[in-house]
1. Say whether the condition of being touching a helix residue (DSSP H, G or I) at 6+ places or on another chain (Cβ under 9 Å), among the small types (Gly, Ala, Ser) and modelled with pLDDT under 90 is met by at least one residue in the range 482-504.
2. Enumerate the pairs (first residue in the range 247-264 and on the phi > 0 side of the Ramachandran plot; second residue anywhere and modelled with pLDDT of 95 or more) with beta-carbon separation below 9 Å, excluding pairs fewer than 6 apart on the same chain, so at least 6 apart or on different chains.
3. Please go through (1) more than 18 Å from ALA223 (Cα to Cα); (2) of a type outside the set (S, T, N, Q); (3) surrounded by fewer than 17 Cβ atoms within 10 Å (Cβ to Cβ) for PHE140 and return the number of the only condition it doesn't satisfy.
4. Can you tell me which residues in the range 480-505 are part of a loop (DSSP other than H, G, I, E, B) and either farther than 24 Å from HIS852 by Cα or of a type outside the set (Ser, Thr, Tyr) (or both)?
5. Any chance the range 758-765 includes a residue that's among the aliphatic types (A, V, I, L, M) and within 28 Å of THR661 (Cα to Cα)?
6. Just give me the residues in the range 837-859 being surrounded by fewer than 18 Cβ atoms within 10 Å (Cβ to Cβ), touching a residue at least 40 places away in the same chain (Cβ under 8 Å) and farther than 20 Å from ASP873 by Cα, in sequence order.
7. What are the residues in the range 509-538 that are in contact with a Phe, Trp or Tyr (Cβ under 9 Å, 6 or more places away or on another chain) and over 21 Å from GLU486 (Cα atoms), if any?
8. Restricting attention to helices (runs of 4 or more DSSP H) lying wholly within the range 506-623, give those where 2 or more residues are aliphatic (A, V, I, L, M), farther than 22 Å from ALA780 by Cα and in contact with a helix residue (DSSP H, G or I) (Cβ under 9 Å, 6 or more places away or on another chain).
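The values are calculated or read from the model by the stated rules, or taken from the named source; none is laboratory data. Here the structure is a predicted model, which means the values were calculated and not measured. Counting neighbours? That spans all protein chains shown, and the Cβs are built from the backbone with ideal geometry, glycine included. Ligands, DNA and RNA are excluded from the accessible area calculation, which covers all protein heavy atoms including side chains. Shrake-Rupley method; radii C 1.70, N 1.55, O 1.52, S 1.80 Å.
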Amino acid sequence: MRIRKRPLPPCNGILLVLEKSASAPPRIDCLRHHKPLACASSSGYANKSQPKFFAGSAVLLHSRSGFDRVPSSPFQLSCQARRCYSSTAVQFQYVSSATAPAESPSTMVAEIIDGTAIAKSIRDSLNAEISEAQRVNPLFKPSLTIVQVGNRPDSSTYIRMKLKAAQEANIICTLKNFPDTITEIDLLSEINALNDDPSVHGVLVQLPVPDQISEVKVTNAVAPEKDVDGFGPLNVGELAKRGGSPLFIPCTPKGVMVLLESAGVELSGKNAVVLGRSDIVGSPVSYLLRNADATVTVCHSRTKGLQNYLKEADVVISAIGKAHFVKGEWLKPGVVVIDVGTNYIPDATKKSGQRLVGDVEFESVSAVAAKITPVPGGVGPMTVAMLLQNVVDAAKRCYIAQAKRHITPLPLNVLEKVPSDFEISRAQKPKHIRDMAHEIGITDSELELYGPHKAKVQLSLLDRLAHRKNGKYVLVTGITPTPLGEGKSTTTVGLVQALGAHLGKIAFANVRQPSMGPTFGIKGGAAGGGYSQVIPMDEFNMHLTGDIHAISAATNLLAAAIDTRMFHESSQKDGPLYKRLVPAKRGVRKFSPVMLRRLKKLGIDKTEPNDLTSEEISRFARLDIDPDTITWRRVVDCNDRHLRTITIGQGAAEKGHSRLTGFDITVASECMAVLALSNSLSDMRERLGRMVVASSKAGEPITCDDIGCGGALTALMKDAIKPNLMQTLEGTPVFVHAGPFANISIGANSVLADKMALKLAGTEPGEDEAEMSGFVVTEAGFDFTMGGERFFNIKCRSSGLVPDVVVIVATVRALKLHGGGPDVTPGVPLPEVYRKEDVELLRKGCANLAKHISNAKQYGLPVVVAINQFETDSQAEIAVIREEALKAGADDAILSNHWAEGGKGAVKLAEGVVKAANKTEGKDFRLLYDVDKTVEEKLNIIAREMYGADRVELSDLAREKVETYTRQGFGNLPICVAKTQYSLSHDPALKGVPTGFTVPIRDVRASVGAGYLYALAAEIMTIPGLPTHSGFMDVEVSEDGEIEGLF
């Protein structure tokens, strides 16, 4: 978009002619009155990702992959090195009309180009534009930060002018003043912090800076997208190129061009002479004049025959810093003169003893020139106005970039014969994860790279995008699992590939991080399969970014602290124990923050260690842990059956303080559940601190904070709380975060990853939600009855999030098994019934699917059944599943072939999910039970409504535990029932839809930090063993470092 310089119709307001293309009619706006005189076609400028309050204009966006033009507003034109320099008006009324007759050039009196008045009109227009945008989006707040080093009087004067002008334009302007002793390193650090601050749109370093600081380094340090002065290498370099695309034009040169345009000066084909070649004015102005098709001559102190060049000039721009240097007799009549000079000469009539003059001798030049800018009141005010314009441009660019999200799919080479998962993963070249992040709107400052294919995302993103409305939330679950597999993870990934790579939606797959126990055991990884995978799968399944290792360290630290505390309490009296717990450091005793928490819990309102009484010292120092009540176990991320039960403390130095304990696999640790359910870093700190690890001999709960470990565990997990970003085979984003053990926990990814993805997939104010809303697809462990129930009653209760649709994955083979088909064993050929059509057996098995649909519908949400296709499935069998699913109340049942075809094979499923997610009728989300009911009541509700049981039966141990937890204040927590995943009941032998059974509850345990109790309805193995032939036996590393044989 550019200003077309041609004669304009008369108007009492400020005129702006906008042109979109050579063929499109111009639109002429009378900006003062905002009355369009003619409307241009808007074809070719559609951008559905653009906020409404910027509709219709153009702003240049910059990314590492290049420049993009997207619409902005009618008041703002693209700041390119072309013929358009300001979103302000072409103005004529601010030019004096005292002009001599054309036939008498010798008596010519120049028109005065009034920069002060034009600058004011620009500020007024900016104010109006910002106010209008804020009516649609109150968060649109253009912001400039000025960095000043020292307190030079002249710099301070200029800054005051900028602050005042910014206030008039409704722009937030902040001054950060640093002493002139600041080091270059510290100043660069401050600039980098401003670069990373999303609330700051423009950064200006006030020059000059002290000698110890390099002006080049500090100006180059400003991020290109915030370089509103236009002095950075990217902007200067782009400006110097013919046809270049700078993000910002330096303010003074830009102001010069606006003055010329405002005065109606046609530059094309004219001779223009620029006096001065500085990087701030002379050189940039010459580039702009050249790009306006003028013939440009740059003169300087060593130019010979200067007056000869000036005599031929149609336009003179003087920026040499010499008072009254240019004389009238050097110029030809009718010349246009722009005086950029700022020089002080003695003047006894002035209070200061001096006055400001330009480079040209105004009296003689104004008698020759056709138009001239005064000093002061010419270029100076325009410099500040253009700075403000650049800030508004930067703010628009920032807000438009937030809305302009688009996933560029990776092409997928699908083979008819599907190779192994590992071969497919290795054959696909992923995007650099930084590029993936840019596509979905994550800034560099929010991204922490762990190599080229994975990264952590900082939680500060949630604050930046807090204003967005969440995207659509999809929960993927399944029917009751069988050894045949239902493909939940594969469906999750395939659905997201379809949504993102084929339907053009911003779509995230949010999945758990797999443990390395199954990876090197028998189960294998959890990256999906076939042509629907998370990649690179070796990085996904091993280590990732070290979160599980951090949880191992945290869990084992607490375990060590428990046994150590018992050891020290047993060998010391109260006084010495207290003295060692709170030692004097440099002669001063002080409680640590975690100790103050314990004092508060005990009701001791004292903060000075020496003020405690003997009784208070005993209460504070002695935890008096009952070793038989310790529930906290050590962990390792490996299947090691020999650590299930161990004896510790057998060394001589432990003085007989041994006890029986054991190891769990790391993902079974409560620290992992806390990570998954935390809503923030501070929330994680509180949850870790209140984890109950044992009871005292008096029956009081002993927490992690009582041990003194809450802060240390948080420190170990402070990076683990940041979600991990990866991608699918088709280049759609994936958050991989947390992996709580599905047998005894929620079996879902983290709340924070879901919240982050929902904001990234969400909509800006003014956007069409139905059109623009993205999708976040996550999954729950095992089937809906276990994983889905916990997802809603524990995870959603903690997060406050509500899914828009539930997807239940089913397969023909698995439903046949539930219909009474023969048992199957992994590694053994499937019985013929699973490979041939058997509609009757399948229909019987659909009762299991119907029960899961019924269970899901109890939560008041739409349900879509995903029929995960296998090559042996017949059309008749597919039709039966669809028929039975719809009969059971599903909104739809859709065949999906994502394993063999990737996202393309799941497009119909994706379309069905979109339709169901946008459904408003019949949605009435509700949880299954009120947490204020008794523990036994909640257990009975789950057993009756979800499993189909008559009731639960608590063992004596379970009843005793329930009474203890209720007395300790934990009875109002939600419940997680740990049972077999292979049946709706507690008995894995009961397939289909069993009824009339009683669920035995053997034990009840507390995960107080995570926020739930879990009841054991079966013997749950919390650390698996290794098979005879384990997965690790096939793994090798090639000479070039590539992992082979993983899956």
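1. Start the filter on the range 482-504 by keeping residues that are touching a helix residue (DSSP H, G or I) at 6+ places or on another chain (Cβ under 9 Å), which leaves 482-488, 490-491, 493-503.
In the following step, the residues that additionally are among the small types (Gly, Ala, Ser) were identified as 485, 487, 494, 498, 500-501.
So of that shortlist, the ones also modelled with pLDDT under 90 come out as 485.
Yes, some residue in the range 482-504 is touching a helix residue (DSSP H, G or I) at 6+ places or on another chain (Cβ under 9 Å), among the small types (Gly, Ala, Ser) and modelled with pLDDT under 90.
2. Within 9 Å, the pairs are GLY264/LYS371.
3. Failed condition: (3).
4. Initially, the range 480-505 is screened for residues part of a loop (DSSP other than H, G, I, E, B), giving 480-487, 503-505.
Result: PRO481, PRO483, LEU484, GLY485, GLU486, GLY487, LEU503, GLY504, LYS505.
5. Taking the range 758-765 and keeping what is among the aliphatic types (A, V, I, L, M), we get 758, 760-761.
Pick out the ones that are also within 28 Å of THR661 (Cα to Cα) and you get none.
Scanning the range 758-765 turns up no residue that is among the aliphatic types (A, V, I, L, M) and within 28 Å of THR661 (Cα to Cα).
6. GLN858
7. Let us first name the residues in the range 509-538 that are in contact with a Phe, Trp or Tyr (Cβ under 9 Å, 6 or more places away or on another chain), namely 509-511, 513-515, 519-521, 524-534, 537-538.
Matches in the range 509-538: PHE520, ASP538.
8. Details: elements: 516-520, 537-541, 547-570, 574-581, 593-602, 614-621.
Filter on the range 506-623 gives 547-570, 574-581, 593-602, 614-621.
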